[in-house]
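Engineer: Take this structure, written in structure tokens, and hold onto it; I'll ask about it next.
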Amino acid sequence: MLPGRSRTSVLVFLVPPLLLYAVAVALPILQSLVLSFFSWDGVTDLQPVGLANYVKMFTADPIFWKAFANTMIYLAVCLFFQLGVSLFVANLLSYAGRGKEVAKTLYLLPAIISTVAIAFLFQRIYSYEPPGLINQILTTVGLGDLARPWLSEVNTVLVAVSAPEGWRFTGLYMLILYAAILAVPKELEEAARLDGASTWQVFAHVRFPYIRPVWVTTMIMAATYSLRGFDIPYLLTNGGPGQASELLTTYMFKTAFRSTDFGYASTIAVFIVIECIVAVGLILLLLRRGTDKS
Amino acid sequence: MTTGLHAPVAARVSGPERRRRLHLARNFASLLVLLIVIVQVYPLVWLFVTSLRPAQEFAGGNAFGIPSALTWDNYARAFASADLGRYIFNSLVVTGASSILIVLLGMMAAYAIQVLGFKGSRIVMGAFLLGIIVPVQIALVPLFINYSRVGLLNTYQSMIIPLVGFALPTSVYLFVSFFEYIPKETYEAAALDGAGPFRVFFEITMPLSTNTVITVVFVNGIFIWNDFIFANTFVFEETMKTIPLGLQNFIGAMGSVDWTATFAAVCVTVTPLLLVFLIMNKAIIYGLESGATKG
């Protein structure tokens, strides 16, 4: 505590940030909670409906469950890229020779491109007529049978809209994990290696336990960001065809601003928040069990 | 060392043999890194090449090969059909104002919590931390309603307020973790010299925080520059559109999609951030790394 501070000085520093935070974040959360118990189209009067929105969401809305299942697959694809691929590349990079700095910079590039530009790009990459990049490559290597309109087929569209989101942040998470790997004491790995440990063993028993806290942070970041993923599916397919690539976020957005059903949209929004908090809780639980074991 | 990936406990290898293997593994790893970088960057290079490719050639099927000629026509059409300058200006205003607020407000809150200290500071910190995991979608409907009541739709503020609000938690957190490292004696000495909390803030805390400021600005700046969801929800007037929104609108403005011109527009709008990124990449990479590893 700073000597000579006064109550006023604390308030002067604390009130402006809290005020903005209240207006932009805290108040809207409360408003959403309240709205989720009402039915409202934005024009007529608010109609209190009790728990009806929640009952409808859990028991009578197949689109909600479809969107929830899609969100889980979207999350899995994103985590595959952002935790799996990024960890693999970070390790590769630690063994590579020259040019690491350039590789890091280039690898991060997709993260600074706007989602709108990325959606344009992937619309062309997935295109069927005229053939886009993927279909051209498939035809060239003799797998032309596999060529298909990736974004309009029910079976492929969900993975097709998830991959760009995973792809664009792989570099970011790779960078974070790489920084953590650099901090692993070289003597530890060297000692293990002299004892005859293979690269895999060094990774599993020395390196990974050491970077584990950072990996968990990465996991929390990647999971919460993926659960709120919206832009790319919204721009590429708008949840279509049908509801094949509908996420909870796009469904919530449409419910609010297409169907102007603000009450029910708030109910879905509340669910998305709870889903994020549960995800973080599960990851932390996993972390605690992991550390207890070792 | 990638060569020994699946070996069980490898037999102890002699010195020169070890070095040879290490060398081989290093080359192999470098090659793989190069391949992955190509996969990662090729789409972006293609985007740029396409923006210079004659429109007929793109439509005529040769969309991915080496272009037969390079042309600036696409750029001319891009500028003719949309007010790209306006979008860039709007994005600069929103990103600039948001960044200043995120840094200033984040620093103030962290100063009150960590340096001045008060009863219940842990509760305030907890309230801020909660904001890190709350998804932005929760705020869309309430903010839309509130904005329409007070006439804030289609303004810069409508984007700046939530962008700052949702970035504030990480900002506060980063500044608090940094302020922990400033020794108490520094403040006590200043206080003995008669400096009040305000002078200490402006003359000690602020100048020492340069690195954290850079981290906070870059981590948030990229996301704010590219923000789509708030702009898409709160702004519909052409004159207030930021780059992501203007680009999306681009396709509609042309009726049938003029892809080469669209990609030219993408290139124009990506350029400012790309330049900053390439010039400052060391600082940005440092910022992103420390931003996450501290968390």
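The values are calculated or read from the model by the stated rules, or taken from the named source; none is laboratory data. All figures in this text were calculated on a predicted structure; none of them were measured in a lab. Ideal geometry is used to build each Cβ from the backbone, glycine not excepted, and the neighbour counts take in all protein chains shown.
Engineer: Give the number of residues within the range B:212-248 that are free of Cβ contacts under 8 Å to residues at least 60 places away in the same chain and more than 17 Å from residue B:270 (Cβ to Cβ).
Structural biologist: Matching residues across the range B:212-248 total 2.
Engineer: Any residue in the range A:245-257 that's free of Cβ contacts under 8 Å to residues at least 60 places away in the same chain and more than 9 Å from chain B (Cβ to nearest Cβ): show its pairings with residues that are assigned to a loop (DSSP other than H, G, I, E, B) and of a type outside the set (Lys, Arg) at Cβ separation under 9 Å, as long as the two are six or more apart or on different chains.
Structural biologist: So the pair list comes out as A:254/A:238; A:254/A:239; A:254/A:246; A:255/A:261.
Engineer: Part of a helix (DSSP H, G or I), among the hydrophobic types (A, V, I, L, M, F, W, C) and surrounded by fewer than 20 Cβ atoms within 10 Å (Cβ to Cβ): does that describe residue B:195?
Structural biologist: The answer is no for residue B:195.
Matching residues to (1) over 27 Å from residue A:280 (Cβ atoms); (2) at pLDDT below 90; (3) surrounded by fewer than 18 Cβ atoms within 10 Å (Cβ to Cβ):
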| site | (1), (2), (3) |
| --- | --- |
| B:104 | yes, no, yes |
| B:133 | no, yes, no |
| B:138 | no, no, no |
| B:142 | no, no, no |
| B:161 | no, no, no |
| B:168 | no, no, no |
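Engineer: Sticking with this structure for a sec: Among the residues of the range A:112-129, write down those that are in contact (Cβ under 8 Å) with a residue 60 or more places away in the chain, at the interface with chain B (Cβ under 7 Å from one of its Cβ atoms) and among the aliphatic types (A, V, I, L, M).
Structural biologist: A:116 - this is the single residue of the range A:112-129 that is in contact (Cβ under 8 Å) with a residue 60 or more places away in the chain, at the interface with chain B (Cβ under 7 Å from one of its Cβ atoms) and among the aliphatic types (A, V, I, L, M).
Engineer: OK, next. Go through the range B:54-75 and give me each residue that's part of a helix (DSSP H, G or I) and at pLDDT below 85.
Structural biologist: B:55, B:56, B:57, B:58, B:59, B:73, B:74
Engineer: Conditions: (1) without any contact (Cβ under 8 Å) to a residue 24 or more places away in the chain; (2) within 11 Å of chain A (Cβ to nearest Cβ). Residue B:164 meets all but one. Number of the miss?
Structural biologist: So the condition that residue B:164 fails would be (1).
Engineer: Answer yes or no: is there a residue in the range A:190-203 that is of a type outside the set (A, V, I, L, M), surrounded by fewer than 22 Cβ atoms within 10 Å (Cβ to Cβ), without any contact (Cβ under 8 Å) to a residue 60 or more places away in the chain and under 27 Å from residue A:65 (Cβ atoms).
Structural biologist: no
Engineer: Mind checking which pairs have a first residue in the range B:182-210 that is over 21 Å from residue B:171 (Cβ atoms) and of a type in the set (Gly, Ala, Ser) and a second that is assigned to a loop (DSSP other than H, G, I, E, B) and at pLDDT below 85, Cβ under 6 Å, 6 or more apart or different chains?
Structural biologist: Between residues of the range B:182-210 that are over 21 Å from residue B:171 (Cβ atoms) and of a type in the set (Gly, Ala, Ser) and residues that are assigned to a loop (DSSP other than H, G, I, E, B) and at pLDDT below 85, the close pairs are B:191/A:3; B:191/A:4.
Engineer: Just checking, does the range A:38-48 include any residue being within 33 Å of the chain's Cα centre (by Cα), among the aromatic types (Phe, Trp, Tyr), in a loop (DSSP other than H, G, I, E, B) and within 14 Å of another protein chain (Cβ to nearest Cβ)?
Structural biologist: yes
Engineer: Next question. So, residue A:109, is that one without any contact (Cβ under 8 Å) to a residue 60 or more places away in the chain, at the interface with chain B (Cβ under 7 Å from one of its Cβ atoms) and surrounded by 18 or more Cβ atoms within 10 Å (Cβ to Cβ) or not?
Structural biologist: The answer is no for residue A:109.
Engineer: Can you tell me which residues in the range A:131-170 are surrounded by fewer than 16 Cβ atoms within 10 Å (Cβ to Cβ), of a type outside the set (A, V, I, L, M, F, W, C) and in contact with a Gly (Cβ under 9 Å, 6 or more places away or on another chain)?
Structural biologist: Passing the criteria: only A:152.
Engineer: For residue A:86, are the conditions met, namely being touching a residue at least 24 places away in the same chain (Cβ under 8 Å), away from every other protein chain (no Cβ under 13 Å), out of contact with any Lys or Arg (no Cβ under 9 Å at 6 or more places or on another chain) and among the small types (Gly, Ala, Ser)?
Structural biologist: Judged against the criteria, residue A:86 is not a match.
Engineer: Separate question: Scan the range A:144-152 and tell me whether some residue there is of a type outside the set (A, V, I, L, M, F, W, C), in contact (Cβ under 8 Å) with a residue 60 or more places away in the chain and in a loop (DSSP other than H, G, I, E, B).
Structural biologist: Yes, the range A:144-152 contains a residue that is of a type outside the set (A, V, I, L, M, F, W, C), in contact (Cβ under 8 Å) with a residue 60 or more places away in the chain and in a loop (DSSP other than H, G, I, E, B).
Engineer: Additional query: List the helices (runs of 4 or more DSSP H) that sit entirely inside the range A:66-137 and contain at least 2 residues that are of a type in the set (Ser, Thr, Tyr).
Structural biologist: Qualifying helices (runs of 4 or more DSSP H): A:86-95, A:100-108.
Engineer: Next up: Quick one: count up the residues across the range A:238-269 that are part of a loop (DSSP other than H, G, I, E, B) and either touching a strand residue (DSSP E or B) at 6+ places or on another chain (Cβ under 8 Å) or surrounded by fewer than 22 Cβ atoms within 10 Å (Cβ to Cβ) (or both).
Structural biologist: The qualifying residues number 10.
Engineer: Also, quick follow-up: Could you list, ordered by first residue, the pairs with Cβ atoms under 9 Å in which the first is in the range B:142-157 and more than 8 Å from chain A (Cβ to nearest Cβ) and the second is acidic (Asp, Glu) and not in a helix (DSSP H, G or I), at least 6 apart or interchain?
Structural biologist: Once the first residue is more than 8 Å from chain A (Cβ to nearest Cβ) and sits in the range B:142-157, its partners that are acidic (Asp, Glu) and not in a helix (DSSP H, G or I) give B:153/B:237; B:154/B:237.
Residue-by-condition table, conditions (1) crowded, with 17+ Cβ neighbours inside 10 Å; (2) assigned by TED's automatic domain parsing to the domain that holds residue B:138; (3) under 27 Å from residue A:121 (Cβ atoms):
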position: B:151; (1), (2), (3): no, yes, no
position: B:206; (1), (2), (3): no, yes, no
position: B:215; (1), (2), (3): yes, yes, no
position: B:235; (1), (2), (3): yes, yes, yes
position: B:257; (1), (2), (3): no, yes, yes
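Engineer: Only residues in the range B:269-283 that are within 8 Å of another protein chain (Cβ to nearest Cβ) count as the first member; pair them with residues that are of a type outside the set (Phe, Trp, Tyr) and not in a helix (DSSP H, G or I), Cβ under 9 angstrom, at least 6 apart or cross-chain, and list the lot.
Structural biologist: B:269/A:114; B:270/A:113; B:270/A:114; B:273/A:113; B:273/A:114; B:273/B:226; B:274/A:113
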